[in-house]
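Have a look at the structure below before the remarks.
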Amino acid sequence: MNEKVIRVVAALIRDADGRVLLVRKRGTSAFMQPGGKHDAGESDISALSREVVEELGCCVDQRTARAVGVFECAAANEPGFTVRAAVYAVDIIGAVNPRAEIEQFVWVDPKDFPDFSLAPLTRDHVLPLARAEA
């Protein structure tokens with residue numbers, strides 16, 4: 001069972017209007033939180049900070065990192081796998097400039113469910129949480 005669980009860290013990033021940042025990786029259809037897998041020995045915040053720089057070209061303000069929960073759900077892009085995501089609310093420093101595997105990013109109002117494909121983690125956990133905190 002363990003080989004079927006993908007452990008990741010994910011960012012809940014909001015703008016001044018309370019909208020949530022979602023990204024879509026190249027070759028996929030579902031939008032999700034920025035983030036990814038840990039490198040060996042990395043803490044959650046170190047991994048999240050590295051992933052945000054790699055994916056978005058901006059920096060996590062580590063002083064703002066706040067754990068919001070660990071969630072499990074179906075992986076968006078790996079059929080038959082489960083994602084176990086440690087989600088952190090963070091502020092970013094600098095402009096969002098998609099890089100690496102990121103094809104597209106959007107800011108969504110968590111109170112208005114978007115009409116495009118969402119990863120299960122985003123749809124079932126992160127956006128409802130963001131709605132409740134709005």
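The values are calculated or read from the model by the stated rules, or taken from the named source; none is laboratory data. Note that the coordinates shown come from a computational prediction; the quantities given were computed from them, not determined experimentally. With ideal geometry, Cβ positions are generated from the backbone for all residues, glycine too; neighbour counts draw on all protein chains shown.
Counting the residues of region 98-127 that are closer than 20 Å to residue 46 by Cα, in contact with a strand residue (DSSP E or B) (Cβ under 7 Å, 6 or more places away or on another chain) and part of a loop (DSSP other than H, G, I, E, B) gives 2. Say we look at region 88-107 and pick out the residues that are of a type in the set (A, V, I, L, M) and under 16 Å from residue 29 (Cα atoms); which of these is surrounded by the fewest Cβ atoms within 10 Å (Cβ to Cβ)? The selected residue is 106.
Could we say that residue 50 is modelled with pLDDT of 95 or more and surrounded by fewer than 12 Cβ atoms within 10 Å (Cβ to Cβ) here?
Values: modelled with pLDDT of 95 or more: yes; surrounded by fewer than 12 Cβ atoms within 10 Å (Cβ to Cβ): no.
So residue 50 does not fit the description; no.
Take residue 21 and tell me if it is among the hydrophobic types (A, V, I, L, M, F, W, C) and assigned to a helix (DSSP H, G or I). It would help to see each step written out before you state the result.
Working: among the hydrophobic types (A, V, I, L, M, F, W, C): yes; assigned to a helix (DSSP H, G or I): no.
Here the answer is no, as residue 21 does not meet what is asked.
Screening 83, 68 for residues that are under 15 Å from residue 14 (Cβ atoms), β-branched (Val, Ile, Thr) and surrounded by 13 or more Cβ atoms within 10 Å (Cβ to Cβ) leaves exactly one candidate, 68.
All of 76, 130, 95 fail the test of being more than 20 Å from residue 7 (Cβ to Cβ), outside any strand (DSSP E or B) and under 15 Å from the mean Cα position of the chain (by Cα), apart from 130. Given the conditions (1) part of a loop (DSSP other than H, G, I, E, B); (2) among the acidic types (Asp, Glu); (3) under 12 Å from the mean Cα position of the chain (by Cα), which single one is not true for residue 55? Evaluating residue 55 over (1) part of a loop (DSSP other than H, G, I, E, B); (2) among the acidic types (Asp, Glu); (3) under 12 Å from the mean Cα position of the chain (by Cα) leaves (1) as the failure.
Just give me the residues in region 79-92 being farther than 20 Å from residue 130 by Cα and part of a strand (DSSP E or B), in sequence order. Please lay out each step first, then the result.
Initial filter on region 79-92 (farther than 20 Å from residue 130 by Cα): 79-82.
82 - this is the single residue of region 79-92 that is farther than 20 Å from residue 130 by Cα and part of a strand (DSSP E or B).
Being in contact with a Gly (Cβ under 8 Å, 6 or more places away or on another chain) and of a type in the set (A, V, I, L, M) is the filter; apply it to region 1-17 and report the residue that is nearest to residue 131 (Cα to Cα).
Of all residues in region 1-17, those in contact with a Gly (Cβ under 8 Å, 6 or more places away or on another chain) come to 4, 8-11.
Right, trim to of a type in the set (A, V, I, L, M) and you get 8-11.
On the way: 8: 22, 9: 20, 10: 17, 11: 15 Å.
The qualifying residue nearest to residue 131 (Cα to Cα) is 11.
Under the condition of being over 22 Å from residue 129 (Cα atoms), of a type in the set (Lys, Arg) and touching a residue at least 40 places away in the same chain (Cβ under 8 Å), the residues counted in region 18-75 number 2.
Looking across region 43-86, the residues that are over 22 Å from residue 124 (Cα atoms) and small (Gly, Ala, Ser) come down to 43, 46, 47, 49, 57. Summed over region 1-27, residues that are under 25 Å from residue 80 (Cβ atoms), more than 15 Å from the chain's Cα centre (by Cα) and surrounded by 14 or more Cβ atoms within 10 Å (Cβ to Cβ) total 0.
Specify which of the listed residues (7, 50) is farther than 25 Å from residue 111 by Cα and either in contact with a Phe, Trp or Tyr (Cβ under 9 Å, 6 or more places away or on another chain) or assigned to a strand (DSSP E or B) (or both). Reasoning before the result, please.
Working: 50 fails: either in contact with a Phe, Trp or Tyr (Cβ under 9 Å, 6 or more places away or on another chain) or assigned to a strand (DSSP E or B) (or both).
Selected residue: 7, the only one of 7, 50 that is farther than 25 Å from residue 111 by Cα and either in contact with a Phe, Trp or Tyr (Cβ under 9 Å, 6 or more places away or on another chain) or assigned to a strand (DSSP E or B) (or both).
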